[in-house]
Every structure is written in C-alpha cells, then in structure tokens.
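One structure is given here, and the rest of the page talks about it.
FYI, it's all coordinate maths here, none of it is from the lab. Nothing here was measured: the structure is a model prediction, and the numbers come from that model. Please note: Cβ atoms are built from the backbone with ideal geometry, for glycine as well, and neighbour counts cover all protein chains shown.
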Amino acid sequence: MPEIPFPTPGQLDAMAEEGRRMIDARRAKGPDPNSALIWFPPIQAAGLPVPRTMFVEYEPMSLWPICDGQEPRADFPIEKLKQTAALMGYPLFVRTDLASAKHDGPKSYRANSEADLLRCLGRTFEDNACKDIVDFTRCWMLREFLTIGHSFTAFGGLPIGREWRFFADQDGVKCHHFYWPEEAFEKLYNAPRGGAKSWQFSRPNRMPKRCKRFQIWPSRRRELSASTAGVWTLPRMKPGNGG
Ligand SMILES: Nc1ncnc2c1ncn2[C@@H]1O[C@H](COP(=O)(O)OP(=O)(O)O)[C@@H](O)[C@H]1O
Ligand SMILES: [Mg+2]
C-alpha cells in the first residue's frame, strides 16, 4: 500500500484556514435555512401555539475555547444570556437556532437555575460541534420548559411525547408521521418493556387533536408555507400530562 504522509503543521494550518474561509462565505449569505431565525417567526405570526421563546445572538468563535478547556472569549454574551434566562424564569429548554442536544440527557438542555444554564450552554455547544453545525449557529434559543405527556423516556431522560412531523408546501400537507423513527429506539435505552413500538402502534389514530386541526387549517398553512420555500417540516407536539 502506498504510504500516505501525514500533513505537515503548515499544511494543517492551510487546511484550517481554507475551512474557515468556507464557513465565513456561507455565514455571509445569512442564517442557515434550518435556523429557528427562519422558521420560528412565521409559526409565531400564524398564531400557532408555541412555547415562550427568546433568542440571544452570539458568535460561535467566542465559545470554541471551551472545547480546549479554556474560558469563553470576552465577547461571549454570558451576561445577556443570564439576564434573558432570569427574565423568562426557570426551568428553561436550551438549544441553538440549529439544534438541541436532545440525545445527551436533561443535563444538556434543561436548566433549572443559572448554574445549570452554563452547563447546558457548554454541552449544547459541544453537541452542535460534534454534529459539525456549530459554526453555522447564530443564536441561543431559551424556551419555556414544557411538561410533555409521555409513557416512556429515552436518551437518558427525554420524555417521548406524541410529537408529529408534517411535510408541507404551498399546496398543503404532503405527509405526516410520528416524529421519532422506530430505529431511534432500537436499543430502547430506558424504555419500558414493549417500548416505542407497542406504545406507538397500540394507539391508532392518537394524533393530538391540535395536529388534526392543523391539517385542515388552510389559511394558516398558506401563510406558513408562503414564507418558506419548498417542502417544509413542522413538528407538532401536545404538551400536558397525558400520555
Ligand atoms: N420547550 C421544550 N420543553 C421541553 N421539551 C422540549 C422543548 N422543546 C423541545 N423539547 C424536546 O426536545 C426534543 C428536541 O427539541 P427540538 O427543539 O426539536 O430540537 P432538535 O432540532 O435538536 O430536534 C423535542 O423532540 C422534545 O422532545
Ligand atoms: Mg426536533
């Protein structure tokens, strides 16, 4: 087998610079199409029920040092985040505009206090970094923590609720299905015997009523899809204590 030489430090630096240039070029075009900055305002404006939500902008480069065991850069808006969280009140669901660390357990997304907030920010940043999306995040999203009706939890404590995903475009809803693919629970984590499969299929037609209404909500549907191009997916979930 031909020997592949390991890149020299100079070559590694050049690769890192090239990567940075690509990130900057993409960021200059505006928020990622999957950013909550794009999908959340039309959903809220259409009057659909949403958890109370506040955004705090930041620059991902300001938090990268924590991945090397160092302090965030001075421009990381920690005070603004603490103030916003205090204004909203705890507990809070923490995520970036691109994703949450939902597979990593509540320690990564549920903040009961200011001390938890710092931990959630760090763990969520690391999660988004592992997903290779963190350089495209633009803000933190602090959300009212919902009580989600569920009959089992997965991924170290995430309540698996009656969450449905809708694919829609200007002409209406194309299809919808249970949010979680069955394979997500293959190892069943700490699900009870029977797990996801029995839970999902033993409840035929148990789509939450609000979701059913969404399918026949033409004016709002049009409003939503008009503001976004192409097929769009809208997760819908029923909060509350019921399973
Ligand atoms: N405000 C909230 N309160 C409690 N749990 C939530 C809240 N928002 C989301 N979740 C839970 O976390 C999961 C992931 O949240 P989501 O915002 O969809 O992030 P992602 O883009 O990473 O999927 C959801 O499927 C739901 O189970
Ligand atoms: Mg989701």
> Take the residues of the stretch 77-120 that are surrounded by fewer than 17 Cβ atoms within 10 Å (Cβ to Cβ) and acidic (Asp, Glu): which is nearest to ligand 2 (Cβ to nearest atom)?
Replying inline: GLU114
> Hey, any hits in the stretch 115-128 for a residue that's in a loop (DSSP other than H, G, I, E, B) and at negative phi?
Replying inline: no
>> in a helix (DSSP H, G or I), out of contact with any helix residue (DSSP H, G or I) (no Cβ under 6 Å at 6 or more places or on another chain) and either buried (at least 17 other Cβ atoms within 10 Å of the Cβ) or at positive phi (or both): is that true of ASP132 in this structure?
In response: no
> In the stretch 79-107, which residue that is among the small types (Gly, Ala, Ser) and within 12 Å of the chain's Cα centre (by Cα) is farthest from ligand 1 (Cβ to nearest atom)?
Replying inline: ALA101
> Does at least one position in the stretch 171-189 carry a residue that is touching a strand residue (DSSP E or B) at 6+ places or on another chain (Cβ under 8 Å), within 16 Å of ligand 2 (Cβ to nearest atom), in a strand (DSSP E or B) and aliphatic (A, V, I, L, M)?
Replying inline: no
> more than 28 Å from PRO72 (Cα to Cα), free of Cβ contacts under 8 Å to residues at least 60 places away in the same chain and surrounded by fewer than 17 Cβ atoms within 10 Å (Cβ to Cβ): does that describe HIS177?
Replying inline: yes
> From the list LEU63, LEU98, LEU92, which one is in contact with an Asp or Glu (Cβ under 8 Å, 6 or more places away or on another chain) and closer than 13 Å to CYS139 by Cα?
Replying inline: LEU98
